[in-house]
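The values are calculated or read from the model by the stated rules, or taken from the named source; none is laboratory data. These numbers were taken from a predicted model, which means no experiment stands behind them. Heads up, the Cβs are rebuilt from the backbone with ideal geometry, glycines too, and the neighbour counts pull from every protein chain shown. What goes into the accessible areas is simple: the full protein's heavy atoms, side chains included, and nothing from ligands, DNA or RNA. Shrake-Rupley method; radii C 1.70, N 1.55, O 1.52, S 1.80 Å.
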Amino acid sequence: GNSQSRHDVEQNVRIPSVTTFFRVRSLDARIIRNEDDQPEQTLVLELTDAVRTAQLAEQLQAWVMPENFHQTGKNHYSEQEIRQFTPLALTGNPSEHEYSALQTFRFRAPENRALLVRLPAGLTSQGQFVMSVPYEKTLWAPGYPREVNIVGDGGLLALKGDQKLGFQTRGVQG
């Protein structure tokens, strides 16, 4: 219209390119309960654009680091160092949609051990963005919760006969 401001308005906006937009936003290892209410060690990976789980699973790599391996806080390890690590199998959890930016993978690793997770460059997202920089992160395998559950459904004690309760424990002594 005819209105004018007294000052020029300027703002720089960063526009990502095909090779700079797509990256890992976050990666974490945590315990998540499955549909049977059992705790599972799970990698939770969030990307800046959606991908297929199967496509990501082909490229995502993980290792359990030796107990005596001295970490120096770095996130990049040489191939010689990685040969000392134990490969870790990752199983992708299906997502609600064919493509998703939030992906989860189950794994079984010794509790509280260091893990190395690597996603090489080259992965292509749903929007045709290409991950141009490889990603590596060192994190810790989560410990399972300590819990006690009463075994069985229904009444707790029989009215007659053997009046005992059965318990299922995880991580509890005695």
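Observations on the model:
- For the range 117-148, the residues whose amide N sits under 19 Å from a probe point set 7 Å from the Cα of Arg14 along the beta carbon direction are 129-136.
- Accessible area per residue for the range 1-130, computed on protein heavy atoms with a 1.4 Å probe, is 68 Å².
- When you filter the trypsin sites (Lys or Arg not before Pro) in the range 26-102 for DSSP loop state and at most 15 other Cβ atoms inside 10 Å of their Cβ, you are left with Lys74, Arg83.
- Within the chain, helix-based [θ] at 222 nm, where runs of 4 or more DSSP H residues each add -39,500 (n - 2.57), nearest 500: -1500 deg cm²/dmol
- Euclidean distance between Cα centres, the range 76-108 to the range 19-51, Å: 9 Å
- Protein accessible area in the chain, 1.4 Å probe - carbon and sulfur %: 47 percent
- Radius 12 Å from Cβ of Val64, net charge of other residues (Lys, Arg +1; Asp, Glu -1): 0
- Our Cα-only numbers for the range 1-154 put the radius of gyration and Dmax at 20.8, 77 Å.
- 5 angstrom amide H check on Val18, placed H, neighbours 5+ away: none
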